[in-house]
Amino acid sequence: MFSRGALLCLVSATGFGLAPIFARQSYAAGIGVPSMLAVRFALAALVFWAVVLWRRPAWPSRRVLLVCAGLGAVGYACQAAFYFGALTHISASLVSLLLYAYPALVTVLAVALRRESLDRRKVVALGLSGLGLVLLLGAGGLGGPSAVGVVLGLGAALAYALYLTVADGLPRGVDLYLVSAVVCTGAALSVGAWAAPSFHLTPGWWWVGLLAVFSTVVPIITMFAGVRAVGASRAAILSCAEPAVTVVSTALVYGEPLVPVQIVGGLAVLGASFVLNARRRDVAAASPVGLELHDVTAVSPLGRTRS
């Protein structure tokens, strides 16, 4: 039985997993990566600010606001730019595989910073997720990838891992919607400056609207809540359901067939979720800096994917 936090993480993974569909349709309508991301983040920011005005939460310190703005302008913007840029060079399946190097990177960084210790359950889940991703995304049809696409995909994984690590310093009590509004505003301003010289109106912008709502706003909020409920590393591994969603949705929409090995891989990825959500007997200890990893306010790329 999944916990509420685990379900929130899986909902987030589903939203981010559908992002390549909306992005591909946007590209087909003649919308470039910079323009698509600028509008995506701007629309998401407007939605979040509307919620903030309605809820009227307490405002955090100026330092926290600046950190959130920086996370959006640098971390989230770079991760999204790398991810969606990679989609223009290589397949969505391969991009997802490269992006999902980040759960291991998050765990390694957390251990290196002494914020978390490895246990048998996490090691098993990471191994199962890795094996599942190899089977799911490495079977057939991934030949001849562009070197540029591979570099961008790996860059997205590294940017997201660093993003999550920096976000670990945010206080637990900060309002999720306010943080999301500031992060998306920072990303919109950063990417908007990049998109401005080539921005133009074209039909098909409603695909970007779908990307903003269903693959940005909804998954950001559910990932925020999920991370706080189950912890950063567990949330990162649970979100490995995202590439399974990408593969299945691509097969349904574009008729790309699934081979048996990919189906087995998808089941292995989902199996990692059950391993992580088995009843725990241990109690997580507080980190040396006074925060537990469930205090992390992480936003997924994606688009990640994460995106």
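Every residue, every condition in (1) farther than 23 Å from Leu18 by Cα; (2) among the aromatic types (Phe, Trp, Tyr), yes or no:
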position	(1), (2)
Ala167	yes, no
Val174	yes, no
Val179	yes, no
Thr185	no, no
Leu189	yes, no
Ser198	yes, no
Trp206	no, yes
Pro219	no, no
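Give Leu97, Leu105, Leu87 a once-over and let me know the one that is modelled with pLDDT under 75 and either crowded, with 20+ Cβ neighbours inside 10 Å or within 13 Å of the chain's Cα centre (by Cα) (or both). It would help to see each step written out before you state the result.
Details: Leu105 fails: either crowded, with 20+ Cβ neighbours inside 10 Å or within 13 Å of the chain's Cα centre (by Cα) (or both); Leu87 fails: modelled with pLDDT under 75.
Criteria check complete, one pass: Leu97.
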On the given criteria, is Gly173 open to solvent by 20 Å² or more (accessible area, probe 1.4 Å), closer than 23 Å to Val213 by Cβ and of a type outside the set (Phe, Trp, Tyr)?
no
Quick check on segment 229-236. Is at least one of its residues under 22 Å from Ala38 (Cβ atoms) and open to solvent by less than 20 Å² (accessible area, probe 1.4 Å)?
no
If you go through segment 268-281 one residue at a time, do you hit one that is at pLDDT below 75, open to solvent by 70 Å² or more (accessible area, probe 1.4 Å) and part of a helix (DSSP H, G or I)?
yes
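For every residue, the table says whether it meets (1) open to solvent by 40 Å² or more (accessible area, probe 1.4 Å); (2) β-branched (Val, Ile, Thr).
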position	(1), (2)
Ala156	no, no
Ala159	no, no
Gly169	yes, no
Val191	no, yes
Trp194	yes, no
Which of the residues belonging to segment 196-211 are open to solvent by less than 30 Å² (accessible area, probe 1.4 Å) and either among the aliphatic types (A, V, I, L, M) or closer than 14 Å to Ala80 by Cβ (or both)?
Val208, Leu211
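The values are calculated or read from the model by the stated rules, or taken from the named source; none is laboratory data. Predicted model only: the values in this text are computed from it and were never measured. Because the Cβ atoms are built from the backbone with ideal geometry, glycine has one as well, and the counts that use them run over all protein chains shown. Side chains included, ligands, DNA and RNA excluded: accessible areas come from the protein's heavy atoms. Shrake-Rupley method; radii C 1.70, N 1.55, O 1.52, S 1.80 Å.
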